[in-house]
Each structure stands twice: as C-alpha cells, then as structure tokens.
Amino acid sequence: MVTARPRVPVTADEHRQAMRHLATGVAVLTTCHDGLPHAMTLNTVLSVSTRPPTLLVSLGTQSRTHGILHSADCYTVNILASDQRHLAERFAAKRPMGMSQFEGVAWQPSPITGNPVLPDALLAIDCRIGQRIPVADHTLFVGDVLGVTPARTGVPPLVFACGGYETEGR
Ligand SMILES: Cc1cc2nc3c(=O)[nH]c(=O)nc-3n(C[C@H](O)[C@H](O)[C@H](O)COP(=O)(O)O)c2cc1C
C-alpha cells in the first residue's frame, strides 16, 4: 500500500489552478426568498444517486444564496445551453436582490416549487433540500429530485473550463 505523504501543503492557488483543468457544465440555481425569486450561477452540480435521484450543489458561505438556502426548503438547477453565457455572467456578477436581477430574462415559476425556470435553458431540475453538510467555507446542499422539466433540445450545453466558457473557442 502506498501512503500519500504531501511534501508541503497545497496552497489554495495551486488547488484552484489544478481544478481549472476540469471542464464542467454551467447552471443557474434559483430559489425564493421572502416570496421573491433569486438566482446564482454555479458549476458544482453533482448527481449523487439515481435510486432515489439526488443532486448536490456546493455553495460558498459568503454568497447570499447560501444564506437563503439555510431557510428555504428547495432549489431549482437550470442547466444552461451554449448560447446562454450572458446568463451565467449575469447571475455571477454583482446585482440587486429580488425581481430586478431578472430584468430582461425570460422565466416562469416552476409548477412544482415555484422557483424560476429559465425556458431557454436545456432543462430545470427541482429539488427539496434533504441535507446541509458544512465543508470548510462551503456547504453541500443535497437535494431530493422532485421533477425534471425539459425545455430545449438539439443545443449543446454551456461548458466552463480553464477559467472561461467554451464558446470562446478555448
Ligand atoms: C462559471 C461559474 C461557476 C460558479 N460556481 C459556483 C459554485 O459552484 N458555488 C459558489 O458558491 N459560487 C460559484 N460561482 C460564483 C457565484 O456565481 C457568485 O459568487 C455569485 O455572485 C453569488 O451570488 P449571490 O451572492 O447572490 O449568492 C460561480 C461563478 C461562475 C462564473
């Protein structure tokens, strides 16, 4: 058996640089706070199990959405299409809370959770939060999948790798 013995601790920057090489899809997580919709971009989305279907998202404790998901009971993961980079950028940038962050963005309430569903995304996955697991400066929110709403077909997913979107030709 080989025992891993790190020479020196890996720094946050070294870890970040290493993970740049892992290509991911991009999603917009939506939820509701005080009756108002909220959204944020994320790429830490993981299918944990299929029987039953569970989906995990990882949020930094400093994000506003993290605070909201501590009292909300559900979230919706909208998986973005390759022509939706503008939405990824919008919901990752500094923006107001509430309805105005959606100005000019088409959405409708999910019939299952009431959270915003982006009709031009590839699909939306509604989840009920089953577990909240703190890890360092993040929390893993494990959701029980309540429903999947397909929206678009024939369009590839938006891909994020090496610090940029694949639509940039990286
Ligand atoms: C491609 C991409 C992926 C991201 N993935 C995550 C993620 O998985 N978890 C996270 O906490 N923040 C992630 N972010 C950062 C958040 O989108 C950003 O901090 C956002 O402004 C948080 O919004 P809020 O403060 O309203 O919650 C990502 C940003 C980008 C551009």
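Some values worked out for this structure:
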{"quantity": "Under Karplus coefficients 6.51, -1.76 and 1.60, residue-wise ³J(HN,Hα) of the range 154-159 in Hz, glycine/proline x", "calculated": "x, 10, x, x, 6, 10"}
{"quantity": "Mean Cβ count within 10 Å, highest first, over the residues of peptides 75-85, 20-30", "calculated": "75-85, 20-30"}
{"quantity": "Segments 54-60, 65-71 sorted - mean Cβ within 10 Å per residue, highest first", "calculated": "54-60, 65-71"}
{"quantity": "Quarter of the Cα convex hull surface for the chain, i.e. its orientation-mean projected area (nm²)", "calculated": "12.2 nm²"}
{"quantity": "Rounded Å value of the spacing that divides the Cα centres of the range 42-67 and the range 92-139", "calculated": "11 Å"}
{"quantity": "Peptides 147-159, 112-124 ordered by average Cβ neighbours within 10 Å, highest first", "calculated": "112-124, 147-159"}
{"quantity": "Mean residue ellipticity (222 nm) of the chain, computed from DSSP H runs ≥ 4 via -39,500 (n - 2.57), nearest 500", "calculated": "-3000 deg cm²/dmol"}
{"quantity": "Assigned charges on the beta-carbon of Lys, Arg, Asp, Glu; the range 24-154 dipole about Cα centre (debye)", "calculated": "140 debye"}
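Every number here is computed from the coordinates shown, using simple stated rules; none is lab data. Model, not experiment: these values are computed from the prediction. We place every Cβ from the backbone using ideal geometry, glycine too, and count neighbours over all the protein chains shown.
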